[in-house]
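Worksheet: the structure to be examined is printed underneath.
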C-alpha cells in the first residue's frame, strides 16, 4: 500500500513551524518547501517542542556520524534508528522505556516534516510503537518493534515501568480543597484564592484538560515566549503575519456562561444553574463548537461553582441588571408560567475571562483587566499545595482529570466518557487514565468468601 500523504496544512492558519521552536536550519529548509508550494504539517507548539527535544539528540548524533541530519533521517534504515537509540542510551542520563517510546514517536513526526507523507492506516494500527516509519518493509518494521520492545530494553536493562499516573478521590480532594481555603499561603490576593479554587472545582467536575481553562503561553500578546530554551530569532519567514480568527482569550469568558434560575419540580424550589462552554479544546480548529457542561448550585458554598461565578460577576460588575446585589440575587424566583429566569451579562464584559492574572504596580498587586490567569501559576500552586498538605507525590492538573475519568467510566457509557473527556476512542483512557488499582473484592468473587467491599 502506498504511503498516506500528510494532511495538508491550511494556508489561512498560522504556520507554527515558523516560530522559533525548531532549529534555524530546519525552519529554513521547511521555508524552502513552502516556497515550492508545499506547506509542512502544521504541528501545534507543544508538539513542536517535543520534536525539538529529539531534534537536538538527532542532530548531535548525525554530527558525530558525519552525516546530513535530514538525508540521514530520510534513508529509513532501521539500523540507523537502532544505532541512534543505542547512542542515546550511552550518552544521556538513564530513562524509562516509556521515554524512548516518546522519543520514537517524536522522531517519526520529525520525519513527517521533511518526508511529506506518513505510514498507511493499516500499518499504523498494527505497529503501535513504530507506526510512523514510511515505506519500510513489513519484516523490517517487525524487527524494529522487536528491538524497541524486546532487545533494546532487555540488553541495556532499561526499566519497563511506566511513570506513575496518580489520581485523586473525593476524600483526598476534600483534604486538598480545605487546605487551600484554610491554610494555603501561595496566593495572597483574594481574587487569586477564589480563582484557584475555581480551577480545582471545574477540573474536578468536568475533567477538562488544563489548557482549556488556562493558556499555557505565559507571555504578553505580541511577545511570545516559546519553550524553555533560548531561541535563535535570526530566521524570518516571509509568510504574512498571522492574524488569529479568534477574538477571545484561551480561557472561559463571560460569553461562554449562561446563568439562569431553573424550577425544580421535585423540591418545588428554584435553583441557580449555569451552562459553561469550554471552547479551547484540543484538536479543534479555530471557531469550532466547544463542549457544554451543566452546573448547579450547592448548599455547601465551598463546593458551589455557581457561588464562585457570581462572586466573579460582582467583582467585575458583569450583570446587565445594575440593581442586583449579592443579597438580592439569591432571592430571585422564576416567574409563573416560565421554566427559567436568565441572568444577562453586560455586552462590554462578554469577552473578559473570569480567571485573570495579577500584575504588580507601585501600590501592590492589581487584577489585570483582560489577560487570563496562566497555566504555570496554577501548576506551581497545585504543587505547593500538595507539598504543604503533606502529600507524598506532587499534585498536578491531570490528577483531577484522571479522577473524573475513572468516576465517569464507572457511571457513564463509553461514548459518554469519550464526550466528557474529549477523546476519540478507548485506547487513550485505558493506557493513560484507567486506575491501576483493582478496587474490588476478588476473594468474594472468586473464592465466594464474605464480601468486604466496604473496606
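Every read-out reported here was derived from the displayed coordinates using simple, explicitly stated rules and does not represent laboratory data. Fair warning: this is a prediction, and the values are worked out from it, not measured in the lab. A quick note on method: Cβ atoms are made from the backbone with ideal geometry, for glycine too, and the neighbour counts reach across all protein chains shown.
By average Cβ neighbour count within 10 Å, what is the ranking of 374-382, 329-337 from highest down? Provide the component values of the computation, followed by the final result.
Numbers: 374-382: 18.6, 329-337: 11.1.
So the peptides 374-382, 329-337, ranked by packing, come out 374-382, 329-337.
Among 438, 310, 275, rank each residue by its count of other Cβ atoms within 10 Å, from fewest to most, as a rough exposure measure.
Details: 438 7, 310 22, 275 13.
Going from sparsest to densest Cβ surroundings: 438, 275, 310.
Run the quick spin-label model on residue 44 and residue 448: label points 7 Å from Cα toward the beta carbon, then report their separation in nm to one decimal.
Here the modelled spin labels are 5.3 nm apart.
How far, in nm, would the chain grow between residue 28 and residue 350 when pulled straight, counting 0.36 nm per residue and subtracting the alpha carbon separation? Can you show the working numbers first?
Values: separation 322, 0.36 × 322 = 115.92 nm, distance 4.11 nm.
111.8 nm is the gain from fully extending residue 28 to residue 350.
Restricted to Cα positions, what overall size does the stretch 357-455 have along the principal axes? Three whole-Å values, descending.
Between the extreme Cα coordinates on each principal axis of the stretch 357-455 lie 71, 35, 20 Å.
At residue 75 and residue 282, where each label point lies 7 Å from the Cα along Cα→Cβ, what is the point-to-point distance in nanometres?
In this crude spin-label approximation the distance works out to 3.5 nm.
Taking 0.36 nm per residue of separation and subtracting the Cα-Cα distance, what length does fully extending residue 359 through residue 440 add? Could the numbers behind the result be given before it?
Details: separation 81, 0.36 × 81 = 29.16 nm, distance 4.95 nm.
My answer for the length gained is 24.2 nm.
Treat the stretch 313-421 as a sphere of radius equal to its Kirkwood radius over Cα pairs and apply Stokes-Einstein at 10 °C in a medium of 1.306 mPa s; give the translational diffusion coefficient in µm²/s, rounded to a whole number. The partial results should precede the final answer.
Values: Rh = 18.4 Å.
Translational D for this selection: 86 µm²/s.
Give me the number: length gained by fully extending residue 181 to residue 324, i.e. 0.36 nm times residue separation minus the C-alpha to C-alpha distance, one decimal in nm.
Numbers: separation 143, 0.36 × 143 = 51.48 nm, distance 2.70 nm.
Fully extending the segment from residue 181 to residue 324 adds 48.8 nm.
Given axes a ≥ b ≥ c from the Cα gyration tensor, I'd like to know whether the stretch 11-54 is rounded (a/c under 1.5), prolate (a/b larger than b/c) or oblate. Display every interim value, and only then the final one.
Details: a/c = 2.30, a/b = 1.36, b/c = 1.69.
Oblate is the answer for the stretch 11-54, as a/c is 1.5 or above yet b/c matches or exceeds a/b.
Provide the packing ranking of 187-197, 263-273, 439-449, i.e. peptides ordered by the mean count of other C-beta atoms within 10 Å per residue, highest first. Intermediate values should be presented prior to the final figure.
Numbers: 187-197: 18.3, 263-273: 13.2, 439-449: 10.4.
Sorting 187-197, 263-273, 439-449 by mean packing, highest first, produces 187-197, 263-273, 439-449.
Cα atoms only, the stretch 363-416: Rg and Dmax in Å?
Rg and Dmax of the stretch 363-416, Cα atoms, are 16.3, 53 Å.
Using the basic label-point model (7 angstrom from Cα toward the beta carbon), what is the residue 86 to residue 368 distance in nanometres?
5.0
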